[in-house]
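Step one of this worksheet: look at the structure below.
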Amino acid sequence: MTTSYFCPCPRGMEAALAEELLEIAQTTKSPTLKVHNQVPGGVHCSGDLYDAYRVNLHSRIASRVLMRMGVCHYQNENDIYDLVLAQPWEEWFGVEHTIRVDVTAIKSPLKSIEFITLKIKDAVCDRFRDMYNKRPSVNTREPDMRIAGFLDQRQFTIYLDTSGEALFKRGWRTETGDAPLRENLAAGLLRVSGWKPGMPLFDPMCGSGTILCEAAQMVQGVPPGARRSFAFEKFHDFDPAPWRDMKAAIKPNPLPAEPTIFGSDISGDMVAMTRHNLKSAGILFEVPLKQIEAQQVQPPVSIEKTGPGILLTNPPYGERIGVRGDSTMPEDDLAKSFYADLSKTLKQRFAGWTAYLFTADLNLPKLLRLKESRKTPFFNGALECRLFRFDMVAGFNRREEAIPANAATQEKAAAPEQPTSKE
């Protein structure tokens, strides 16, 4: 049976997710998984229930895989209640399972999200009470089943979450830095940068190592969902045999003979944390790490030997810069000094590389005194960010100098997300 799904993702990553879903359909040889329209904050797709298994297992960019249960035009909360009450929840889970309901809305005329959430919960529980004279319990912290409602100006959609915990929770992270990237955002940045396994990759401000762990799992051929469980495993009609077959079909890649992924950080604690996280993520090959200031780094490989490399990092901003300099200096002076030194390092030592810096500081090119060849808006949660691309070519060192003729300029309009569940 074909089912409609919605896969939320970090805002700005919709095209990357759609591309990834098409790849999943091809690599898993699924004739049923189809990718439909992209909307701000996610991608609509369809397929059978096994396709939900596949996307949960293999998608690095999706936040969740939401199965559409019903949709209707609404005028008030009673319309929402009626639609939810009519859904066959008992076919998917039992009264013994705990539930959680999340609701998000864009331009809905209804005033209270909390009241709508309560009406949805009551409708689900009333369905079970009418059939079995029992109601499922609510557990907002660790529910067995998550139910997501989405309202726009006229239409209400109700979803059952097949994922459980958000998909960016890969199951390996035990330690994080002060401001870690979510894993699915890091994976999306790797895809947007054009990096592929085998190309040199360097993160000189690696923090807890999220970018490096995602890249290393790609090199090793480890699916992001290989080390965790999912809500669909608790569904009534869950068939463990195809799920075992999907995981058994995973063929790890040969381990690289020479390192291609490298990281460094000024903090020894962060380097140790990255090393620990790489081990927890099941990485079996060497990822060389150094404790060194970003302004002092050298290319970890020779461009003559390996070809052009990609430098991808989430540099510090605001108070986080303080750990990299004199904490008695004013914040603005710290930032100017830090980025001036980093700019010199990039220009003098990384000719031939492409540098991608992901940051919420939209003045970053001005601080670096470099002209970006591309800037793409993304969101890290609710925080508006940019991925700045700098093509490091010989003699290119000031904003006012011409950029290379082949450098594309791309500025996407940042649109509001179509929210379907709270993380």
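Structure summary
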{"read-out": "Answer residue from the range 287-297, given it is more than 20 Å from GLN220 (Cβ to Cβ) and not in a loop (DSSP other than H, G, I, E, B) and is least open to solvent (accessible area, probe 1.4 Å) among those", "value": "ALA294"}
{"read-out": "Neighbours by Cβ (under 6 Å, 6+ apart or cross-chain): first from the range 337-351, farther than 14 Å from PRO315 by Cα; second in a helix (DSSP H, G or I)", "value": "THR345/GLN295"}
{"read-out": "Qualifying residue in the range 41-60 (condition: part of a loop (DSSP other than H, G, I, E, B), open to solvent by less than 50 Å² (accessible area, probe 1.4 Å) and closer than 22 Å to MET218 by Cβ)", "value": "yes"}
{"read-out": "Residues of the range 275-286 that turn out to be surrounded by fewer than 22 Cβ atoms within 10 Å (Cβ to Cβ), part of a loop (DSSP other than H, G, I, E, B) and in contact (Cβ under 8 Å) with a residue 60 or more places away in the chain, as a count", "value": "3"}
{"read-out": "All positions within the range 115-173 that are more than 30 Å from HIS58 (Cα to Cα) and among the aromatic types (Phe, Trp, Tyr)", "value": "PHE115, PHE128, TYR132"}
{"read-out": "Of all residues in the range 5-40 being more than 24 Å from ASN380 (Cα to Cα) and among the hydroxyl-bearing types (Ser, Thr, Tyr), the one that is surrounded by the fewest Cβ atoms within 10 Å (Cβ to Cβ)", "value": "THR27"}
{"read-out": "Total residues in the range 236-274, condition in a helix (DSSP H, G or I) and either within 23 Å of PRO315 (Cα to Cα) or in contact with a Ser or Thr (Cβ under 9 Å, 6 or more places away or on another chain) (or both)", "value": "8"}
{"read-out": "Selection count, the range 347-368, where residues are in a loop (DSSP other than H, G, I, E, B) and either open to solvent by less than 10 Å² (accessible area, probe 1.4 Å) or not polar (S, T, N, Q) (or both)", "value": "7"}
{"read-out": "Candidate set: the range 193-233, residues that are open to solvent by 40 Å² or more (accessible area, probe 1.4 Å) and touching a Phe, Trp or Tyr at 6+ places or on another chain (Cβ under 8 Å); chosen: the one modelled with the lowest pLDDT", "value": "ARG227"}
{"read-out": "Hits in the range 1-57 - residues which are β-branched (Val, Ile, Thr) and either in contact (Cβ under 8 Å) with a residue 60 or more places away in the chain or in contact with a strand residue (DSSP E or B) (Cβ under 7 Å, 6 or more places away or on another chain) (or both)", "value": "THR2, THR3, THR28, THR32, VAL35, VAL39, VAL43, VAL55"}
{"read-out": "Residue list for the range 1-54, restricted to those being out of contact with any His (no Cβ under 9 Å at 6 or more places or on another chain) and aromatic (Phe, Trp, Tyr)", "value": "TYR50, TYR53"}
{"read-out": "Tally, over the range 142-169, of residues that are over 23 Å from the mean Cα position of the chain (by Cα) and part of a loop (DSSP other than H, G, I, E, B)", "value": "3"}
{"read-out": "Pick from the range 237-271, criterion out of contact with any Pro (no Cβ under 6 Å at 6 or more places or on another chain) and aromatic (Phe, Trp, Tyr), ranking: surrounded by the fewest Cβ atoms within 10 Å (Cβ to Cβ)", "value": "PHE238"}
{"read-out": "Number of the condition not met by THR104 [criteria: (1) outside any strand (DSSP E or B); (2) at pLDDT below 95; (3) open to solvent by less than 50 Å² (accessible area, probe 1.4 Å)]", "value": "(1)"}
{"read-out": "Meets criteria (modelled with pLDDT of 95 or more and crowded, with 21+ Cβ neighbours inside 10 Å) for LEU66", "value": "yes"}
{"read-out": "Enumeration of residues in the range 83-99 that are in contact (Cβ under 8 Å) with a residue 24 or more places away in the chain and either open to solvent by 50 Å² or more (accessible area, probe 1.4 Å) or acidic (Asp, Glu) (or both)", "value": "GLU90, GLU91, GLU96"}
{"read-out": "Residue under evaluation LYS371, criteria (1) open to solvent by 40 Å² or more (accessible area, probe 1.4 Å); (2) in a loop (DSSP other than H, G, I, E, B); (3) at pLDDT below 55, criterion not met", "value": "(3)"}
{"read-out": "Of residues in the range 107-150 being among the aromatic types (Phe, Trp, Tyr) and surrounded by fewer than 17 Cβ atoms within 10 Å (Cβ to Cβ), the one farthest from SER229 (Cα to Cα)", "value": "PHE115"}
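The values are calculated or read from the model by the stated rules, or taken from the named source; none is laboratory data. Computed from a predicted model, the values in this text were never measured in an experiment. All Cβ positions, even for glycine, are placed from backbone atoms using ideal geometry, and neighbour counts span all protein chains on display. Calculation scope for accessible area: heavy atoms of the full protein, side chains included, ligands and nucleic acids excluded. Shrake-Rupley method; radii C 1.70, N 1.55, O 1.52, S 1.80 Å.
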